[in-house]
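The values are calculated or read from the model by the stated rules, or taken from the named source; none is laboratory data. As the structure is a computational prediction, the values presented were derived from the model and not from experiment. A quick note on method: Cβ atoms are made from the backbone with ideal geometry, for glycine too, and the neighbour counts reach across all protein chains shown.
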Amino acid sequence: MRIALLSFLTLITTCRFDSTTSDTAVARVNDQYLYTSDIVASLGEKISAADSASIVQNYINTWAKEQLLLDKAVFNLNAAQQEDLEVLIRRYRNDLFIKTYQEEWLKARVDTLVTDAEIEMYFQENKQNFKLHQDLLRGRYIELPVTNFNKASIKKALRRFKEDDKVYLDSISLQFNVAFLNDSIWLRPQTFFGRMNRPTPDTYERYLKSNRFFEIEDSLDLYLVFVEEVRRRNESAPISHVKSTLKQIMLNRRKLDMLRQFDRDILDEAVKENIFEQYE
């Protein structure tokens, strides 16, 4: 055994293994044999000399234990238990083949393009299924040093937030400690207000109103905040917030519809071609 293992290690660490010219048995458990090709297929054709001995020995030991346990299981399980397991194995094999084939069939046929109009229509028809489990808001804020000399113009630009205001704010952004101006993103209030050291409802609840501007000031910093829109728990979710979910639901429905049609077609085709018959 050790001679065979050393020969095998020399083979795989010095050259590319060719299974057509040589395939030596490395280990045996009863009438089951482990060959060099089995190890090469699992571990690769080239193993570093430094690690090869322990890697190959561990592989052989694992294989041997598996075979020994399998033999004991077959010997000790009664016929009924073994038949039940064989049924499960056959069912799993069939399911695996069918599932893989269906996925490949769908890949070639399902249209993955879902338009915004389709998403909007589906959302309007199913709004009741998309209720929020928590409050959400979208807004913007700027953190400034309390000594900033452009406070008045920054406040005005942040509140109005037209295109020229955005350009202005961008041009003086180096004056800001922090700025978050992407008010199209829906966030949890904890996330939004956490930047202002107000991460809990008792510290931000009074600010949680749509179309509201306010200031929060401490000894060093001034936060200018505009809450554009608030959606409360149990209200309909904003469509932009659930858009990816809606798209996935619609794609899954397409796939399900196509698979149902596929199942009907495959039976009809089998009957027409006299492959499938149902006897009275």
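Every condition in (1) assigned by TED's automatic domain parsing to the domain that holds residue 205; (2) farther than 28 Å from residue 223 by Cα holds for residue 113 except the one numbered (1). When 198, 206 are checked against the criterion of being among the basic types (Lys, Arg) and assigned to a helix (DSSP H, G or I), 206 stands alone in meeting it. Candidates in the range 120-152 are the residues that are over 25 Å from the mean Cα position of the chain (by Cα) and of a type in the set (Phe, Trp, Tyr); of these, the one that is modelled with the highest pLDDT is 141.
Would you mind telling me which numbered condition in (1) under 35 Å from the mean Cα position of the chain (by Cα); (2) at pLDDT 90 or above; (3) surrounded by 10 or more Cβ atoms within 10 Å (Cβ to Cβ) residue 117 fails? Of everything listed in (1) under 35 Å from the mean Cα position of the chain (by Cα); (2) at pLDDT 90 or above; (3) surrounded by 10 or more Cβ atoms within 10 Å (Cβ to Cβ), residue 117 misses just condition (3). Listed by first and then second residue, the pairs linking a residue in the range 86-109 that is in contact (Cβ under 8 Å) with a residue 40 or more places away in the chain to a residue that is assigned to a helix (DSSP H, G or I), with Cβ atoms under 6 Å apart and 6 or more places separating them unless they lie on different chains, are 106/255. Please go through the range 230-277 and give me each residue that is touching a residue at least 24 places away in the same chain (Cβ under 8 Å), part of a loop (DSSP other than H, G, I, E, B) and either loosely packed, with under 12 Cβ neighbours inside 10 Å or of a type outside the set (A, V, I, L, M, F, W, C) (or both), ordered by number. Listed by number, the residues that qualify are 232, 233, 234, 235, 238, 240, 241. Taking only the range 199-224 into account, find how many residues are under 34 Å from the mean Cα position of the chain (by Cα) and surrounded by 14 or more Cβ atoms within 10 Å (Cβ to Cβ). So the count comes out to 3. Only a single criterion out of (1) closer than 23 Å to residue 205 by Cβ; (2) exposed (fewer than 14 other Cβ atoms within 10 Å of the Cβ); (3) of a type in the set (A, V, I, L, M, F, W, C) is not satisfied by residue 180, namely (2).
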